[in-house]
1. Could you pull out the trypsin sites (Lys or Arg not before Pro) across segment 147-178 that fall in loop regions by DSSP (anything but H, G, I, E, B) with no more than 10 other Cβ atoms inside 10 Å?
2. Roughly how many Å² is the accessible area per residue of segment 195-234, as a whole number, for a 1.4 Å probe?
3. May I ask you to give the average projected area over all directions of the convex hull of the Cα atoms of segment 92-173, in nm² rounded to one decimal?
4. How high is the relative contact order of the chain, in percent, counting Cα pairs under 8 Å that sit 6 or more residues apart?
5. Please report the net charge: other residues with Cβ closer than 12 Å to the Cβ of E143, K and R +1, D and E -1.
6. I231: net charge of surrounding residues, Cβ under 12 Å, Lys/Arg +1, Asp/Glu -1, itself excluded?
7. What value, in deg cm²/dmol to 500, does the helix sum -39500 (n - 2.57) over DSSP H runs of n ≥ 4 give at 222 nm once divided by the residues of the chain?
8. Beyond 25 Å, what percent of the Cα pairs of the chain remain?
Amino acid sequence: AGYRSTTPWSFSVTLRSGAAVATRTTLVTRERGRTIGSASMRDDGPMRSPLPDYLTEVLSVCSEGKGATSDHIPELKNADPDRFAISLVTAEGVTYSVGDDDTEFSIQSISKPFVYGLALEERGFERVLDAIGVEPSGEAFNEISLQRDTGRPLNPMINAGALTAHALVAENKTPEYRIRAIRDLLSSLAGRELEVDEDIAASELGASFRNVAIANLLRNYEIFPDDPDDIVAGYVGQCSVKVTTADLAMMAATLAGGGIQPRTGERIFSRSVVRQVLSVMATCGMYDAAGDWLSTVGIPAKSGISGGIIGILP
Ligand code: GLN
């Protein structure tokens, strides 16, 4: 499911179906472990999915405005905080969507699991695992969470690991080359051509002091051979790819389906890569709230500072 909100709500859906001519479906909404709503319906005759009504209910329960737009990237501060959507795509490509699901926003850190998958496909497990660990850092996304002796980033979901995954996609190439490769990947996952938001990219690049520092440390430890400024420029382009909530759900559904894009049928990731990506999403995808998320919601997920969250029920 792709889920966009400026509030840090979490939700889970339990779906129980009886197998008979008449089917009873019970949907339970939980927020931080507490049941906040449930709906039970009997479907006699032609099956009408209860999911649209259910998503509408979740949308209304969760749309009370709390939280704030991010000031981490100057341009993101101007985002409209009232935009809100929930999209759900099954591994077969059936889509249920409510709210502002066609509003575009920059993908930010939600790109990280997909680019990690691309690095694994391009460079192989040995090279990637040698450069990036798989341990939760328990720290914020932009902390300098590096292994003390080797300088190896703790995991690919924090910035240090994501900058490295970005670099591993292709060594000694230009930022434009890597942005193109990553944009192509994200477009295949979404099933439509995605573009980079150049205003967001310029705004982030002008304020990337911390990411430049992290990239320089990584270069110093010889985690990658490229120029650190090039890596940050490419990574910022990656984070600025524009998606909608409906796109994110479709991209996530490719992971739910073992690497096959549900609409086009294209195999984008091998099963072993999907397994690896989902594992690090489960343990590290929500940074210093990963344990809280896993114990209350319980599915691999990834957040981004532009307000989106994806979750996957493999
Ligand atoms: N582009 C942002 C950064 O690297 C992404 C951070 C995020 O979404 N958590 O700082």
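1. Values: sites: R148, K173, R178; in loops: R148, K173.
Those that pass, being in a loop and sparsely packed, are R148.
2. Working: 2000 Å² over 40 residues.
Here the residues of segment 195-234 average 50 Å² of exposed surface.
3. Details: hull surface 31.9 nm².
So the Cα hull casts an average projection of 8.0 nm².
4. Values: 626 pairs, mean separation 74.5, N = 314.
So the answer I get is 24 percent.
5. Details: positive: R210; negative: E139, D288.
So the environment of E143 carries a net charge of -1.
6. Details: positive: K173, R178, R219; negative: E171, D226, D227, D229, D230.
So the surrounding residues net to -2.
7. Values: 11 runs with 124 residues, N = 314.
-12000 deg cm²/dmol, from helical runs alone.
8. Details: 23390 of 49141 pairs.
Across the chain, Cα pairs with separations above 25 Å total 48 percent.
The values are calculated or read from the model by the stated rules, or taken from the named source; none is laboratory data. Computed from a predicted structure; not experimentally measured. Counting neighbours? That spans all protein chains shown, and the Cβs are built from the backbone with ideal geometry, glycine included. To get the accessible areas, we keep the full protein, side chains included, count just its heavy atoms, and leave off ligands, DNA and RNA. Shrake-Rupley method; radii C 1.70, N 1.55, O 1.52, S 1.80 Å.
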